[in-house]
Amino acid sequence: MPEIVLSTLNARFIHPSFGLRYLLANLGDLQPRACLLEFDIAQRPVDIAERILREAPRIVGLGVYIWNVAPMRELVATLKTLRPDITLILGGPEVSYEIGDQPIVQLADFVITGEADFKFAEVCRDILAGNPPAQKVIAAEPPDLAQVALPYELYTEADLAHRVVYVEASRGCPFSCEFCLSSLDVPVRQIPLPPLFESLQRLLERGARQFKFVDRTFNLNPEASRAVLEFLLERGRSDTFFHFEVVPDRLPESLRKVIARFPPGTLQLEVGIQTFNEQAADLVNRRQTNPRVEETLRFLRQSTGSHIHADLIAGLPGEDLASFAAGFDRLVALHPQEIQVGLLKRLRGAPIARHDSGWRMRYNPNPPYEILENTLIDFSTMQKIRRFARHWDLVGNSGNFVETTPLIWSGDKSAFAGFLRWSEWLHERVGRTDSIALVRLMHLLFRYLCDEVRLDPTAAANALWHDYLRGGRKDKPSFLKDFLPNDGRTSGTHTAGAGLKRQARFAGTAHPLDPAP
């Protein structure tokens, strides 16, 4: 039986815990005495406690994040109630800052803040030897990345077949955006490339096909970034998918050339715009050259096959609804495949807290601590933006309505204003922002386009039908039949392509390895 259990609650099954694999890989001589147990937030904490206790561990290390802190608190309380003799060690960003008043911290025995690659093993070794640390909160110094054991062999065959493989080529962030915890990181440090390339080669040989690099600024070091991209380009297959987060106004020609060589659908670039409002950007210490950002996005859309996922944040101090709407419209005009509209979160330890008084920032006290209102956007308006964001995910970002989405604001000068009207119309009739079946959502869109936008029913029906076919579906929804020609097209085409299913729909193809529903 293992003496050490490493565990966490992931947001979804498809997301494995990268941090716990690092801890396990660096346990040294304790590794044979440890095991990794992963769960997700859909599972009941009492059932998770049962599974952990089945191992009869002496030490349980738990990763605590913004998405799991509520059920994790229940899990910790349950474990301590049933087995008060077990030593519980917490780590992760949610318990690395402002920890004094957190109930979950009060329940645990120890908390390790910072990068615990080596510190967790050190603490476990002391506890097992009968010499536990004298202090409850233990600060971990940033490790020498050249000495850190890479965790990639700990991805199982099942992980490679069914989950995203997280990878990193660097740690840290050079920027100081106040809404982000990365602004507190030490300067960027590079993972040595030779051992990283060995690990990537092995993962590819074992069949890994979905890679997500977690670097906060992947393209900060162009030479290292180019080396990684060229390595993957030479060894990846047409069905391999790579995700990177890039700084949009720092993409030199050397990187542009290699990005342009990736086959369509194999490369996703997450581009953090956050805001086009220069006053708001200055207030939160975000450095960004907007004309250069726009030029980069135009290049990526016009000259590469990359799938572009762009981020905007609503609720920043200094930005009102009109400004946010203008930024959204500006981004829509640049045609990224996805626009992630996120509400500002007040992360523990993030410097954004300094604006609470001056801008009357009011946040939800419960995770994920999203903004409720501020001086420029009241609660009612913020709720509309919150619904807008969710409905945009269902329609604009899903890939299910590539042709239909622009029709929602046809005749409008503002894409934001047009989509906001649709969002509020939908909310009045459905009263929710989730669990809306695809065909029902299509029917509601058809009604809205015909009744509110005054679009010709045949044009609306054809756009919805083309989008439906794009996903490889076989049935023709009954409400469309009277407006579509009987041309014999009753199913979509499964064209071979790369990327994930959602991304492939933007390219007009369904993912060849993922059957349509």
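The values are calculated or read from the model by the stated rules, or taken from the named source; none is laboratory data. Note that the coordinates shown come from a computational prediction; the quantities given were computed from them, not determined experimentally. No Cβ is skipped: glycine too gets one built from the backbone with ideal geometry, and neighbour counts run over all protein chains shown. The accessibility values were calculated without ligands, DNA or RNA, using every heavy atom of the protein model including side chains. Shrake-Rupley method; radii C 1.70, N 1.55, O 1.52, S 1.80 Å.
Some points to look at:
- Candidates I104, I127 - the one that is touching a helix residue (DSSP H, G or I) at 6+ places or on another chain (Cβ under 6 Å) and part of a helix (DSSP H, G or I): I104
- Which numbered condition I273 fails, given (1) over 20 Å from P351 (Cα atoms); (2) buried (at least 22 other Cβ atoms within 10 Å of the Cβ): (1)
- Test: residue in the stretch 432-439 that is polar (S, T, N, Q), surrounded by 15 or more Cβ atoms within 10 Å (Cβ to Cβ) and out of contact with any strand residue (DSSP E or B) (no Cβ under 8 Å at 6 or more places or on another chain): yes
- Residues that are touching a residue at least 60 places away in the same chain (Cβ under 8 Å) and among the aliphatic types (A, V, I, L, M) were ranked within the stretch 35-60; the one that is most open to solvent (accessible area, probe 1.4 Å) is L36.
- Of the residues making up the stretch 152-183, those that are in contact with a Gly (Cβ under 8 Å, 6 or more places away or on another chain), in contact (Cβ under 8 Å) with a residue 40 or more places away in the chain and open to solvent by less than 40 Å² (accessible area, probe 1.4 Å) are L160, L181.
- Evaluated against (1) surrounded by fewer than 19 Cβ atoms within 10 Å (Cβ to Cβ); (2) farther than 26 Å from T404 by Cα; (3) in contact (Cβ under 8 Å) with a residue 12 or more places away in the chain, P291 falls short on exactly one condition, (3).
- For the stretch 230-249, the count of residues that are open to solvent by 40 Å² or more (accessible area, probe 1.4 Å) and aliphatic (A, V, I, L, M) is zero.
- Test result for A461, modelled with pLDDT under 95 and surrounded by 19 or more Cβ atoms within 10 Å (Cβ to Cβ): no
- Selection over the stretch 253-308 of residues that are in contact with a His (Cβ under 6 Å, 6 or more places away or on another chain) and of a type in the set (D, E, K, R) gives a count of 2.
- As for the stretch 389-411, it holds no residue that is of a type in the set (A, V, I, L, M), in contact with a helix residue (DSSP H, G or I) (Cβ under 8 Å, 6 or more places away or on another chain) and farther than 22 Å from H335 by Cα.
- Taking the numbered list (1) open to solvent by 10 Å² or more (accessible area, probe 1.4 Å); (2) among the small types (G, A, S); (3) modelled with pLDDT of 95 or more in turn, G100 passes all entries but (3).
- Extreme residue, surrounded by the most Cβ atoms within 10 Å (Cβ to Cβ), among residues of the stretch 197-224 that are over 21 Å from the mean Cα position of the chain (by Cα) and over 22 Å from A161 (Cα atoms): A224
- Of the residues in the stretch 374-389, at least one is open to solvent by less than 50 Å² (accessible area, probe 1.4 Å) and touching a Pro at 6+ places or on another chain (Cβ under 9 Å).
- Matching residues, the stretch 353-373, being among the small types (G, A, S) and open to solvent by less than 40 Å² (accessible area, probe 1.4 Å): A353
Table: residues versus (1) at pLDDT 95 or above; (2) more than 27 Å from K345 (Cα to Cα); (3) open to solvent by less than 70 Å² (accessible area, probe 1.4 Å).
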site: V64; (1), (2), (3): yes, no, yes
site: T78; (1), (2), (3): yes, yes, yes
site: Q106; (1), (2), (3): yes, no, no
site: D109; (1), (2), (3): yes, yes, yes
site: T113; (1), (2), (3): yes, no, yes
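- Residue check, P194 open to solvent by 50 Å² or more (accessible area, probe 1.4 Å) and either basic (K, R) or without any contact (Cβ under 8 Å) to a residue 24 or more places away in the chain (or both): yes
- Residues (more than 22 Å from E55 (Cβ to Cβ), assigned to a loop (DSSP other than H, G, I, E, B) and among the β-branched types (V, I, T)) located in the stretch 72-101: I99
- Residue that is surrounded by 21 or more Cβ atoms within 10 Å (Cβ to Cβ) and without any contact (Cβ under 8 Å) to a residue 40 or more places away in the chain, where the choices are L480, L444, L426: L426
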